[in-house]
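One structure is given here, and the rest of the page talks about it.
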Amino acid sequence: MAHKLLTLAWVFALLSILAVGGGTAVLPEMQKLTVTQYHWVTDQQFRDIYSLGQVAPGPNMLMVLVIGYRLAGAAGAAVVGFAFFLPDCILTLFANRMWMRYKDSLWRNAIQRGMAPIAIGLMLSGTYALARLSIHNLVGLAVAAATLAVLMWRRVNPVLLISAGGLIYLVCFTRLAQGR
Amino acid sequence: MDAAAASRARASLGAIFKVFLTAGAISFGGGVIAYLRQYLVAANGWLDDDDFLDALEISETLPGLNSVNMSVIVGDRMRGTIGAAVAVAGLMLPGICVMMTLGVLWERQRHNAEINGFLVGVAAAAVGLLLTVTLQLGHKQFVRPLDLIVMAAIFIAVSLFKVSLIWVLLVAGPIAVWLYRPRGPVETAERFVHLRDRLHSHRAHWRH
């Protein structure tokens, strides 16, 4: 048990430090480590836990708590929560203070401009990883495309679209199951 | 500046906690930033807009979630380390409660076909949401050729060749920063384009 908690802490602390570009950017690596390497969850469970994070308020990467809970109960959730969020908080606290001191440094601009396309590229990879897990048919594709189109068109609270997507898929899915 | 500093001193830990707790309770899918801007800049004047945008840029560059990094920076600027801790605790508390409840319920119900169908649809809709957020965040990068090349290289390395994220960051990070270094190729090219445009506008001016 202690060994499992230690492994959970190490893996999620590593993911925390690697999360350049945020939660979406680190999604493929998280999937690789938790599914392929450690077999803590299956691909389907990983996708479903991610979806739970979308329905909950606040940062959606709180999904990692459920992975910890699955593996080692409440202690697992606590360990994963601290491991995934604390290193970044400490890093940000000190890096921000240093950043302020070098406010006018030309290198600061170079770092921001250089890291930006990397972060965006990683976010595209994260989006692609989630698409591979969740879009298996035309209904899924239509739900994703419609969400993109509505959000590009106007400001809507994303949770409404997310819930609508879930309900549409649910209705189509049960209809299909009954038709068979 | 003095006015901002004075009102910053007035932000009590309780008030900071309340603002971030509300942000954590009502924002979904990347709405945290917009909410914080509304409350910290517009409603309470705890930060000015430049400070806020500066903090946002730093949050996006550093590893970690934007909303969490943003809470750390803003809390720290208002009340130091303890302010940062209070802000993060407020932001995460509602989500932690809901997430754990959903997690426990899901553990019991995960073979329910209807719940599974719903969650697949949520994930599919999230793909559309993530793509929107990525396109909006990268609107500057998507029109610069060099940025597009870096982005494509990263995507191909991670998604097609499954290169480990550590190696991607260790290799691509220094290269990208070096390309954008002060007085480096990108900056020189941009300065050249800028000078050329100015020259053209002068010429047009002289012709008239």
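The values are calculated or read from the model by the stated rules, or taken from the named source; none is laboratory data. Note that the coordinates shown come from a computational prediction; the quantities given were computed from them, not determined experimentally. Glycine gets a Cβ as well: all are built from the backbone with ideal geometry, and neighbour counts include every protein chain shown. With ligands, DNA and RNA removed, areas are computed over all heavy atoms of the protein, side chains included. Shrake-Rupley method; radii C 1.70, N 1.55, O 1.52, S 1.80 Å.
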Filtered hits (aspartates and glutamates, Cα-Cα < 13 Å from A:Lys32, offset >= 8 within chain) -> A:Asp43
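For every helix of n ≥ 4 consecutive DSSP H residues, a contribution of -39,500 (n - 2.57) applies; sum these over chain A, divide by its total residues, and give [θ] at 222 nm rounded to the nearest 500 deg cm²/dmol. Before the final figure, lay out each step's value.
Details: 7 runs with 144 residues, N = 180.
After summing the helix terms and dividing by residue count, I get -27500 deg cm²/dmol.
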For the modelled label position 7 Å from the Cα of B:Ile26 along Cα-to-Cβ, which residues of the stretch A:39-71 have backbone nitrogen atoms closer than 14 Å?
A:58
What is the helix-to-structure angle for A:43-55, meaning the angle in degrees between its Cα long axis and the longest Cα principal axis of chain A, kept from 0 to 90 and rounded to the nearest 10?
80 degrees
Amide H within-cut-off set for A:Val20, under 5 Å, with H built and near neighbours excluded:
B:Gly64
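Restricting to Cα pairs below 8 Å that are 6+ residues apart, what does the relative contact order work out to for the stretch A:1-98? Please round to a whole percent. Don't skip to the end; give the middle numbers.
Working: 88 pairs, mean separation 32.7, N = 98.
Once normalised by length, the contact order is 33 percent.
Quick test of the membrane-span-like rule: which DSSP H helices of chain B reach at least 24 Å along their long axis (C-alpha atoms) with mean Kyte hydropathy at least 0.5? Show your work: numbers first, answer last.
Values: long enough: B:66-109 (44 Å, 0.87); B:113-137 (36 Å, 1.71); B:185-207 (33 Å, -1.19).
Both cut-offs are met by B:66-109, B:113-137.
May I ask for the accessible area buried between chains B and A, both sides summed, probe 1.4 Å, to the nearest 100 Å²? Before the final figure, lay out the partial values.
On the way: alone 14730 and 12140 Å², together 18540 Å².
For chain B against chain A, roughly 8300 Å² becomes buried.
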Normalised by the residues of chain A, what does the relative contact order come to in percent, with Cα pairs under 8 Å and at least six apart?
27 percent
Rolling a 1.4 angstrom probe over the protein chains, ignoring ligands and nucleic acids, what is the accessible area of B:Leu160 in square angstrom, nearest 10?
110 Å²
Given points 7 Å out from each Cα along the Cα-Cβ axis, report the B:Ser201 to B:Leu13 separation in nanometres with one decimal.
5.2 nm
Top mean-square fluctuation among B:Gly173, B:Gly103, B:Gly90, Gaussian network model of chain B, C-alpha springs under 10 Å?
B:Gly173
Please tell me the relative contact order of chain B in percent, rounded to the nearest whole number, where contacts are Cα pairs under 8 Å and at least six residues apart.
16 percent
When the Cα centres of the stretch B:64-138 and the stretch A:116-145 are compared, how far apart do they sit, in Å?
18 Å
Under 19 Å from the Cα of B:Lys18, which aspartates and glutamates turn up, not counting those fewer than eight places away in the same chain?
B:Asp76
Asserting the computed 222 nm helical MRE of chain B (DSSP H runs at least 4 long, -39500 (n - 2.57) per run, divided by residue count, to nearest 500) equals -26000 deg cm²/dmol
Given a 1.4 angstrom probe, what's the average accessible area per residue across the stretch B:93-137, in square angstrom?
42 Å²
